[in-house]
Ligand SMILES: Cc1ncc(COP(=O)(O)O)c(C=O)c1O
């Protein structure tokens, strides 16, 4: 091959090789482009994931609970015009939306219509005054339950009572200082109502030949002591009236079971036992012995003490009460009663109670009591100012006391109920006087074993209901005062009414 030919062959080869080199270059560019793109994409995904996580940390992890939370939030966001509330298990409209349950004196689908001169029903003991506290603590107090939550009869240790809840209850009593729990047994009941009879049964004699125990209470007493004991009357026990009527006979061989309620329902008085002697057993109902209803002068250490979630946190619908019991034999008989009647308190109830008590215990354990005390104090102040102008109606007289929980301070009076007396001779039936003249439905004095000259009004309703009650009472007292009272006094008493 000539030089010329050789040169041409090399050039051809180089020309053939040239495109291969270009391909390699282009591939390199393509590869780096896709690498950059993929890195960018990953970066965007990672940034958006972390952004999402930081804004809503749990959302992407929720599985079975998400739908339930969304449902619950949707229902609770219904406003009901600020005069009612909707619940997931309430009645539903055709569209599937729950119906608003209206406060007293409001009606309509969204509770927006006021009903003038409606009936003010203060016969009940629903503690709705604490609802704003639970709305403020919505996140911490909510409970979520899976479909398979505790389906069995017992807890893993074979017991019917949550150890965690028991621990929280003991801790709460230690914090408040209202009852000693160390070395004591605890029995849960479906409300303290179930524990009344469990305690009466446990205190009545095991011996079939013994006399029937007399169950007694001091007038005015919480009506269920009598109605429940009458319902379950047996050869072992029966309700036998007012404690005072047995004062001289408690030393003989008759067995007595005395209910002692402190602070008392209906009149808010701190009470002590009346009967003494070896044949007398005491059931101390301490439903209201909490700092929002009462000063706590001492830490009690009685043989059998009853407490209830109903008046502590306001959740009476949850139905949980507990007994603190000193003697093992009494504890065992109470547990037997619970086994035979309901086989323990619903696990759902125990879980909810635990959640609520953990909120009560948070911080220094004062928030709930501060909130409740301030509401009840301002209510009592308004009421006593109003009643101080009346000669026809009087309020119970309560004395202030030191409270160990609130740094041993002297505390205002904050009872759960007003125990009103009609002072005029002709007003023999105070319940009817309030109903007929003011459309107020209280609870009649004779329901508490007392004279009909008394009537009980609940002070633990929500703010609107309480304001309506005060307005109605204002009308009633202003009638009495017409022409008697100086206008300046009149304004002074009624000037603070907010609705
Ligand atoms: C003195 C007293 N004890 C017990 C109860 C009932 O409590 P529970 O809701 O736990 O059955 C009440 C309810 O009003 C009460 O006033």
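Structure notes:
- Failed item, numbered, when residue 328 is tested on (1) touching a residue at least 60 places away in the same chain (Cβ under 8 Å); (2) within 12 Å of the ligand (Cβ to nearest atom); (3) farther than 22 Å from residue 177 by Cα: (2)
- Hey, residue 227 within 15 Å of the ligand (Cβ to nearest atom) and assigned by TED's automatic domain parsing to the domain that holds residue 329 or not: yes
- Of all residues in the range 294-316 being within 25 Å of residue 327 (Cβ to Cβ) and touching a helix residue (DSSP H, G or I) at 6+ places or on another chain (Cβ under 6 Å), the one that is nearest to the ligand (Cβ to nearest atom): 308
- One residue alone among 86, 138, 146, 142 is closer than 30 Å to residue 467 by Cβ, exposed (fewer than 13 other Cβ atoms within 10 Å of the Cβ) and not assigned by TED's automatic domain parsing to the domain that holds residue 308, and that residue is 138.
- Taken over the range 379-408, the criterion of being in contact with a strand residue (DSSP E or B) (Cβ under 6 Å, 6 or more places away or on another chain) and loosely packed, with under 14 Cβ neighbours inside 10 Å is satisfied by 400, 408.
- Selection of helices (runs of 4 or more DSSP H) fully inside the range 312-398 by the criterion of at least 2 residues being at pLDDT 95 or above and under 30 Å from residue 480 (Cβ atoms) returns 367-387.
- Within the range 230-284, considering residues that are in contact with a helix residue (DSSP H, G or I) (Cβ under 7 Å, 6 or more places away or on another chain) and within 16 Å of the ligand (Cβ to nearest atom), the one farthest from residue 403 (Cα to Cα): 232
- Residue in the range 455-468 that is more than 19 Å from residue 127 (Cβ to Cβ) and either at pLDDT 95 or above or under 31 Å from the mean Cα position of the chain (by Cα) (or both) present: yes
- Single residue of the range 408-423 satisfying the filter (outside any strand (DSSP E or B) and closer than 21 Å to residue 370 by Cα) that is farthest from the chain's Cα centre (by Cα): 408
- All strands (runs of 3 or more DSSP E) inside the range 170-255 with 1 or more residues being within 21 Å of the chain's Cα centre (by Cα) and closer than 20 Å to residue 311 by Cβ: 185-189
- Within the range 183-200, residues that are closer than 16 Å to residue 319 by Cα sit with their Cβ atoms under 6 Å from residues that are in a loop (DSSP other than H, G, I, E, B) and within 12 Å of the ligand (Cβ to nearest atom), at 6+ positions apart or across chains, in these pairs: 188/345; 190/319; 190/345; 191/319.
The values are calculated or read from the model by the stated rules, or taken from the named source; none is laboratory data. As the structure is a prediction and not an experimental result, all values here were calculated from the model. Glycine gets a Cβ as well: all are built from the backbone with ideal geometry, and neighbour counts include every protein chain shown.
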